[in-house]
Amino acid sequence: MEWTEDFSVGISEIDDQHKRLFELISTASILEKRCDEQELHDEIVRMLVKLNLYTIYHFETEERIMEANGYSEATQHKREHQAFVNKLEQMHPEADELKSIETLHEIAAFLENWIKNHILRTDFKYKPLMVQRMKDGTFVADPKSEPFVFPDELDELL
């Protein structure tokens, strides 16, 4: 799964974060090719933890930008974000399932569908406002922008 310009919301910070989310989700196919059954459990758990942490960081950034720019549907958008975070936090398959390529495929398919649909259907709703504000010179960037760094123990992910 690769990010393309078709997914651009017109805000470079958000587009860069979306690219990183695509990379994290694509980790599933890397795991399938590089891990044996014993390693698969730990790597799936690590992938889900990394995805959860980065997703929260991304959602917070996006929500601050929506608020700062007066996006009228920000509350509904936040609800959709929270529902996804809740779903991610509930994704704790049993240990035996986490050694299964089928489980990995199911997780990857869910994540790929969600991010593509969310960007194209939900994020694209704010795109016209943001693009217009950029043209007008009234766009407000994330006032709390800072780089994201994964905890050291998660850097071992393939």
Violations at 27 Å Cα threshold for listed pairs Lys33/Lys144; Lys50/Lys135; Lys33/Lys127; Lys33/Lys78; Lys87/Lys135; Lys78/Lys116 -> Lys33/Lys144; Lys50/Lys135; Lys33/Lys127; Lys33/Lys78; Lys87/Lys135
Expected unfolding gain across Glu102-Trp114 under the 0.36 nm per residue rule, minus the alpha-carbon gap, is 2.5 nm
Mind checking the full-extension length gain between Asn86 and Val149? Use 0.36 nm per residue of separation minus the Cα-Cα distance, one decimal, nm.
20.5 nm
Length gained if Asp42 through Ala141 is fully extended, taking 0.36 nm per residue and subtracting the Cα-Cα distance, is 31.9 nm
For segment 13-137, what does the relative contact order come out to in percent, with C-alpha contacts under 8 Å and a separation of six or more?
35
Classify the chain as rounded, prolate or oblate, taking a ≥ b ≥ c as the square roots of the eigenvalues of its Cα gyration tensor: rounded when a/c is under 1.5, otherwise prolate if a/b is larger than b/c and oblate if not.
prolate
Separation of the Glu67 and Phe124 label points, Cα + 7 Å toward Cβ, nm:
2.8
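Rule-based calculations on the coordinates, nothing more; no lab input. From a predicted model like this one, the values you see are computed outputs, not experimental measurements. For neighbour counting, all protein chains shown are included, and Cβ atoms are generated from backbone atoms with ideal geometry for every residue, glycine included.
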